[in-house]
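Notes to accompany the following structure.
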Amino acid sequence: MRFPDGDVVDAALSDPALPRFARVRYDPETPTLDDVRGRTRTELDALPLEDLPTGATVAVGLGSRGIHDVVPIARTVVDELRARGFDPVVVPAMGSHGGATAEGQREALAGIGLTEDALGCPIDARMETTTLGESAVGAPVPFSTAALAADGVVVVNRVKAHTNFTGRFESGLTKMATIGLGKRAGAKAAHEHALDEGYVPVIEAAYAVVRESTPLLGGIAVVENFHDRTAAVEGVPAADLPDAEEPLKAAADEYMPTLPYDDLDVLVVDRIGKDVSGAGMDTNVIGRYRVLNADDPASPSIDRIVVRGLTEATHGNGNGIGLADLTTRAAVEDLDLDQVYTNALTSNSLRKATVPVVLPDDQRAIVAALSTIGTYDPETVRMAWIRDTGHLSAFRVSEALAREAPDAVEVDSWLSLSFVDGEPSFEPVDRD
């Protein structure tokens, strides 16, 4: 690919005056669980472990990224299972992620701190599946052969809004027990049929087969607060799913990090990555799903989104970059298209893998965003600048947004924006 020359791009761009910015802090009230390990041990009592014989093998499904306490929660589950006389083994439950290979899924787990040493038990990352049957919507239901070989299966996952769909349950235990433990084959089957039937009916139908045909005991659900810290841990028996996820999802929605503004002209995102969100950036924060047969969220409405780069932990998987309107050459050069396309083709969400308009550097990408929103005024432009969609407690906003900040938003300092060799530079200025 030949990237555009800076001089050529400059000839097509205007030279808008840059708005003044404010660094703001956003701190809505949100609950925090103090004793995460203790609550995890207690919540295992909710699962029918008494039905297993002493020495039984229990497969623990793990794999969701971005859970703040995933290591202590997972290690507590493993330790407590062993203390109760069982033999735990971890099975990656992440569908096609990690390039849909055993090595890639081991690396994905290691990237969030889940190694055999950290967990204190072996990891069986085999990608083979066994088809359990056909669901009520006519979809095959593959299931991890490694998990199926265990005497019991427990999944550990965060309950939260999904990045592709809305429904009475979204990301959580039910989805992990079907799509996650379905490996690549299960993810592919679910996503294909979801385009016709919708995600919730497809996942629910698959889960009915999984519940009847596997030794699934249930799961440990994690709900996080606005600051991505643990707000609740709850054990949920398999028989109570998916209904038991509804109140957990309602709590997660209430605590979910979102921008305190519903209407933006420009949003600048410093980095996207699978460690931030399954879609690179949380679609509920940016107001864009871009999925067939699924409407975008009602809010926020954002005219232009600029993505500046990828997180280091995403290892080149920039799936979700297609949700942006503009990006930089550096971000595109960091893309590992093997991973991006595996993710996109398996999920049938091709738009997220498309490459937006690529500009030579940050300055030109941001100028292009400001130049293409219509009539422009630096004093009224509604612009927010965030680290990523998982960190929304402190960020920068243009003067117009700072002056209408809601009660939970506090202006910390005023800043001027300039560019040095195409890179942004913020300097403190006095408030007039």
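At a glance:
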item	result
Residue check, Arg126 open to solvent by 30 Å² or more (accessible area, probe 1.4 Å), among the charged types (D, E, K, R) and part of a loop (DSSP other than H, G, I, E, B)	yes
Residue in region 295-318 that is in a helix (DSSP H, G or I) and buried (at least 21 other Cβ atoms within 10 Å of the Cβ) present	yes
Qualifying residue in region 245-254 (condition: assigned to a strand (DSSP E or B) and either touching a His at 6+ places or on another chain (Cβ under 9 Å) or more than 30 Å from Ala365 (Cα to Cα) (or both))	no
Pair list, Cβ under 6 Å, 6 or more apart: region 1-25 residue under 16 Å from Ser371 (Cα atoms) and in a loop (DSSP other than H, G, I, E, B), other residue of a type in the set (Phe, Trp, Tyr) and open to solvent by 40 Å² or more (accessible area, probe 1.4 Å)	Pro16/Tyr376
Qualifying residue in region 410-432 (condition: part of a strand (DSSP E or B), open to solvent by less than 40 Å² (accessible area, probe 1.4 Å), under 20 Å from Val285 (Cα atoms) and touching a Phe, Trp or Tyr at 6+ places or on another chain (Cβ under 6 Å))	no
Hits in region 195-226 - residues which are open to solvent by less than 30 Å² (accessible area, probe 1.4 Å), of a type in the set (Ser, Thr, Tyr) and farther than 23 Å from Glu43 by Cα	Tyr199
Residue in region 227-234 that is farther than 30 Å from Asp27 by Cα and surrounded by fewer than 21 Cβ atoms within 10 Å (Cβ to Cβ) present	no
Residue that is buried (at least 20 other Cβ atoms within 10 Å of the Cβ) and in a helix (DSSP H, G or I), where the choices are Lys274, Lys352	Lys352
Selection status of Asp336, surrounded by fewer than 22 Cβ atoms within 10 Å (Cβ to Cβ) and of a type outside the set (Lys, Arg)	yes
Candidate set: region 134-153, residues that are among the small types (Gly, Ala, Ser) and more than 11 Å from Ala205 (Cα to Cα); chosen: the one most open to solvent (accessible area, probe 1.4 Å)	Ala149
One residue from Gly55, Gly66 being open to solvent by 30 Å² or more (accessible area, probe 1.4 Å), part of a loop (DSSP other than H, G, I, E, B) and out of contact with any strand residue (DSSP E or B) (no Cβ under 7 Å at 6 or more places or on another chain)	Gly66
Flag if Ala125 is of a type in the set (A, V, I, L, M), over 23 Å from Ala239 (Cα atoms) and in contact with a Lys or Arg (Cβ under 6 Å, 6 or more places away or on another chain)	yes
Val409 farther than 30 Å from Asn317 by Cα, hydrophobic (A, V, I, L, M, F, W, C) and touching a strand residue (DSSP E or B) at 6+ places or on another chain (Cβ under 8 Å)	yes
Pairs with Cβ under 9 Å, 6+ apart, first in region 331-342 and modelled with pLDDT under 95, second surrounded by fewer than 16 Cβ atoms within 10 Å (Cβ to Cβ) and of a type in the set (Lys, Arg)	none
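Matching residues to (1) over 15 Å from Pro242 (Cβ atoms); (2) modelled with pLDDT under 95; (3) part of a strand (DSSP E or B); (4) of a type in the set (D, E, K, R):
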| residue | (1), (2), (3), (4) |
| --- | --- |
| Gly138 | yes, no, no, no |
| Phe143 | yes, no, yes, no |
| Val156 | yes, no, yes, no |
| Phe165 | no, yes, no, no |
| Thr178 | no, no, no, no |
| Ala185 | yes, yes, no, no |
| Lys188 | yes, yes, no, yes |
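The values are calculated or read from the model by the stated rules, or taken from the named source; none is laboratory data. All values reported here derive from a predicted model rather than from experimental measurement. Glycine also receives a Cβ, built like all others from the backbone with ideal geometry; neighbour counts cover every protein chain displayed. For the accessible areas, the whole protein counts, side chains as well, though only heavy atoms, and no ligand, DNA or RNA atoms are used. Shrake-Rupley method; radii C 1.70, N 1.55, O 1.52, S 1.80 Å.
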